[in-house]
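Every number in this text was worked out from the coordinates using simple rules, so none of it is lab data. The structure presented is a predicted model; accordingly, all values stated were derived computationally and were not measured. We place every Cβ from the backbone using ideal geometry, glycine too, and count neighbours over all the protein chains shown.
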Amino acid sequence: MPRVEGAPRRLQRRRRIGTARIAPCDRARWPALLMQAFVDTIRAAIAAATGLPDAEIRLESPKNPEQGDLAFPCFALAKAQKAAPPAIAAALAPKLAAALSGIACTATGPYLNFQIERGALARTILGEIEARGAAFGSSTEGAGRTIVIDYGSPNIAKPMHVGHLRSTILGMALVRLHQALGYRTVGINHIGDWGAQFGALVVALRRWRGEVDLERDPVMGLLALYQRSKAAIDEKSASYDAAFAKEARDAYRELESGTDGDVRKQWRWVTQVSLAAFAKTFARLGVAHDLVRGESYFESHLQPTIARVEAAGVAEVSQGALVVMLGEIDKGLKETPCLLRQSDGTTLYATRDLAAVFDRWKEFEFERCLYVVGGEQKLHFRQLKAVLKRMGLAWEPRVEHVDFGLLLGPGRVKIASRKGAVLVLDELLDEVVDAARERVKEKSAGLANLEAVAEQVGIGALVFNDLKRERIKDVIFEKDEVTSFEGETGPYVMYTHARSCSILRKAAAAGEGGAEPDWRAIASASPVLLQLGRFPTVVRTAAAKAEPSELAQYLLGLCREYNSWLAERGNKVLGEAPAVTSARLALVRGVKIAIANGLRLLGLAAPEEM
RNA sequence: GCGCCCGUAGCUCAGCUGGAUAGAGCAGUGGAUUUCUAAUCCACCGGUCGCAGGUUCGAGUCCUGCCGGGCGCGCCA
């Protein structure tokens with residue numbers, strides 16, 4: 001039962017570390033990074049004028065958009081030139097202005113502000129989006145390389161609950177982000193289908209099968225048996241049953257022995273009905289794993305795995321157990337070695353994950369192997385990596401724990417409780433979709449595909465609510481917030497998309513938009529254009545940092561800028577002079593494409609009407 | 001006790017590799033609909049960026065200490 005157990009036990013936060021660094025932009029490979037192209041041009045000019053090494057030239061955005069599109073602070077030059085930053089800026093501005101064509105350069109205090117010529121900005125960015133369409137934002141950077149992503153990973157015999165939501169949603173987004181960058185992705189559902197608890201469950205099935213309904217909703221029936229069996233083997237529980245516990249241990253031993261008898265038959269059935277239920281839930285979230293490979297798969301790999309670690313000379317026996325001491329690798333792990341084999345000879349979680357990661361490396365030679373697992377398991381993955389490092393495996397840095405915070409209820413109360421009341425994921429999805437259906441009915445009465453849109457909007461609201469936050473932060477699940485659909489929400493982004501589609505439909509119906517665009521008509525939309533230009537870079541960094549929230553935040557910002565522009569009285573799109581309408585339609589189309597692509601990468605639908 | 005993490009507006013959060021007056025959403029107040037979906041937009045209200053030092057031309061951002069909160073810590077997963 002690997003990734004999520006009933007109650008999230010731990011919570012960790014971490015700053016971005018590890019391999020999540022972003023390589024310098026390779027222009028040969030990234031011809032279409034849009035804003036990056038302008039940035040590189042300006043940087044080259046600054047380098048030529050100042051002699052600064054390329055790495056030290058950092059451009060930023062001016063505080064006030066009217067000051068320019070890009071800015072360069074001159075403080076760093078002050079020491080070398082022995083002059084005040086404003087004087088340096090003033091001296092540099094004319095030189096750069098002369099060197100750059102189509103980009104104005106002015107000094108404002110200690111800053112150099114650059115403004116790209118409006119027409120060029122619009123033409124470049126909107127032209128690129130138009131040309132690439134659904135592929136806008138994607139690239140071939142990752143061609144020929146593989147990313148393995150372990151996510152979702154529920155445990156059999158129990159329904160998926162809210163605790164699985166974050167891993168599933170984050171994992172799905174990471175799969176899509178990497179795909180967009182040209183990587184081959186392998187999404188793995190590492191189901192928890194092994195362990196002593198299944199011995200107990202089989203015994204529970206033997207004894208109490210008739211007492212629960214296993215026909216209508218097998219997984220809920222299994223949950224009841226699972227909980228009851230857990231109490232029966234818990235010495236501290238009032239329902240402790242010594243005979244049951246012994247039988248459970250025997251059953252697990254039989255399961256582990258590989259004997260294809262009754263125990264294994266029952267276990268197989270449990271696995272089968274559980275997977276069928278998971279598949280439905282995953283489908284609603286738009287998730288499809290490439291590989292379902294549970295812990296049981298690695299049973300035969302356990303002894304070879306231990307042998308391999310022993311052969312590497314890093315294993316030792318301590319207090320009867322086989323461990324790998326890790327203090328030399330990581331001082332923080334001095335007190336917590338990695339246990340590979342218990343004193344009774346059985347293996348542990350770490351052994352299985354070690355077997356799994358060896359297997360994955362052998363099969364995929366991954367660029368990265370991401371474990372989208374809650375922060376409460378941080379120690380486990382830290383140990384796992386430390387073992388790999390101690391074994392001298394060069395690919396150890398490619399293994400990353402993509403950790404995330406807890407999902408909490410109102411008042412920071414834990415939602416998923418070990419005792420009883422699990423919030424079943426399907427029920428939650430139904431609730432959100434119900435709320436969405438009400439809203440869609442009320443706002444768009446005659447919508448033909450009401451049900452489909454309600455599903456898209458409701459689930460989109462839930463997913464976006466999760467993805468918009470930095471993953472390390474806890475998510476406070478407030479139902480009112482998830483079903484409000486206003487403000488910084490998934491439906492807000494979807495709505496912006498749907499409105500744009502509506503404008504484009506009307507334009508097509510009226511035959512507008514064919515004229516040569518007059519880019520001056522969108523001169524006031526440069527914040528929108530600049531934001532559009534950032535899209536490919538955002539996709540790239542969101543993937544590199546395994547942080548989908550960067551894309552979600554980007555989309556919110558894009559929609560905010562765009563809606564604000566669109567609401568201005570002077571910016572009417574349809575029915576204006578043909579050249580004006582053409583230019584504005586190009587902007588609408590560009591935004592529409594960026595939103596659609598962004599939503600898709602986050603795993604959300606982009607309905608054309610809602 | 002040890003390890004790791006978090007602490008920005010009443011609430012929920014952004015803030016890119018330290019840089020120009022700290023930004024949104026929600027809640028509250030007041031506006032915008034002969035105008036392309038008002039699931040929108042505009043304005044106002046609201047902040048000692050936990051506290052104290054330090055580094056720096058410059059710190060919400062880096063370092064140290066403290067306070068508050070969370071998670072984890074050998075035979076569970």
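At a Förster radius of 30 Å, what calculated FRET efficiency corresponds to the Cβ-Cβ distance of A:Ala83 and A:Ala523, to the nearest 0.05?
0.25
So what's the angle, to the nearest 10 degrees on a 0 to 90 scale, between helix A:578-602 and the longest Cα principal axis of chain A?
On a 0 to 90 degree scale, this one is about 20.
Between A:Arg284 and A:Ala509, what's the calculated FRET efficiency when r is the beta-carbon distance and R0 is 35 Å? Round to 0.05.
With a Förster radius of 35 Å, E is 0.55.
Taking every alpha carbon pair in segment A:206-253, what does the distance histogram look like in 10 angstrom bins from 0, in percent?
Spelled out bin by bin, segment A:206-253 gives 26, 48, 25, 1 percent.
How far, in nm, would the chain grow between A:Asp40 and A:Asp434 when pulled straight, counting 0.36 nm per residue and subtracting the alpha carbon separation?
Between A:Asp40 and A:Asp434, full extension yields 136.9 nm more.
Can you give the alpha-carbon Rg of segment A:197-295 over 2.2 N^0.38 Å, where N counts its residues?
Details: Rg = 14.8 Å, N = 99, 2.2 N^0.38 = 12.6 Å.
Ratio of Rg to 2.2 N^0.38 Å for segment A:197-295: 1.17.
So which aspartates and glutamates pass the test for A:Lys545, namely a Cα distance under 19 Å, with those fewer than 8 places away in the same chain ruled out?
The reachable aspartates and glutamates, counting only those whose Cα sits under 19 Å from A:Lys545, are A:Asp26, A:Glu141, A:Asp150, A:Glu367, A:Glu396, A:Glu400, A:Asp403, A:Asp466, A:Glu470, A:Asp474.
Taking H placed 1.01 Å from N in the peptide plane, check which residues at least 5 places from A:Leu408 or on another chain put their amide H under 5 Å from its amide H.
Hits under the 5 Å cutoff: A:Val475, A:Ile476, A:Phe477.
For chain A, report the convex hull volume of the alpha-carbon atoms normalised per residue, in Å³, without decimals.
Per-residue hull volume (Cα only) is 186 Å³.
In whole Hz, what ³J(HN,Hα) sequence does segment A:53-69 give by Karplus (6.51, -1.76, 1.60; θ = phi - 60°), x for Gly and Pro?
x, 3, 5, 8, 9, 10, 9, 9, 8, x, 4, 9, x, 6, 6, x, 9
Based on the Cα gyration tensor of segment A:56-145, what are the three equivalent ellipsoid semi-axes, each the root of five times an eigenvalue, rounded to whole Å and given largest first?
Three semi-axes, in Å: 32, 17, 11.
For segment A:535-572 and segment A:445-497, compute the distance between their C-alpha centroids and round to whole Å.
Their Cα centres are 16 Å away from one another.
At a Cα cut-off below 16 Å, give the lysines reachable from A:Lys362, other chains included and same-chain residues fewer than 8 away excluded.
In chain and number order, there are no partners.
Report, by chain and number, residues whose modeled amide H sits under 5 Å from the one on A:Val402, excluding near sequence neighbours (fewer than 5 apart, same chain).
Long-range HN contacts for A:Val402: A:Tyr371, A:Val372, A:Val373.
Go through segment A:151-164 residue by residue and turn each phi into a ³J(HN,Hα) via Karplus (6.51, -1.76, 1.60, θ = phi - 60°); whole Hz please, and just put x for glycine and proline.
Result, ordered by residue: 8, x, 6, x, 9, 5, 6, 9, x, 5, 10, 4, x, 8 Hz.
According to the Cα gyration tensor, what semi-axes, each the square root of 5 times an eigenvalue, does the equivalent ellipsoid of segment A:35-81 have, listed from largest to smallest in whole Å?
Semi-axes from the Cα gyration tensor: 19, 14, 7 Å.
How large is the Kirkwood hydrodynamic radius of segment A:425-602, counting all unique pairs of alpha carbons, in Å?
Values: mean 1/r = 0.0576 Å⁻¹.
Averaging 1/r across every pair of different Cα atoms and inverting gives 17.4 Å.
List the trypsin sites (Lys or Arg not before Pro) within segment A:181-233 that fall in a DSSP loop (any state other than H, G, I, E or B) and whose Cβ has at most 13 other Cβ atoms within 10 Å. The partial results should precede the final answer.
Details: sites: A:Arg184, A:Arg206, A:Arg207, A:Arg209, A:Arg216, A:Arg228, A:Lys230; in loops: A:Arg216.
When the trypsin sites (Lys or Arg not before Pro) of segment A:181-233 are filtered for loop state and at most 13 Cβ neighbours within 10 Å, A:Arg216 remain.
Test of understanding: what is the full-extension gain from A:Ala104 to A:Glu363, defined as 0.36 nm times their sequence separation minus their Cα-Cα distance?
87.9 nm
So, in Å, what gap is there between the alpha-carbon centers of segment A:147-214 and segment A:342-403?
Centre-to-centre (Cα) distance: 18 Å.
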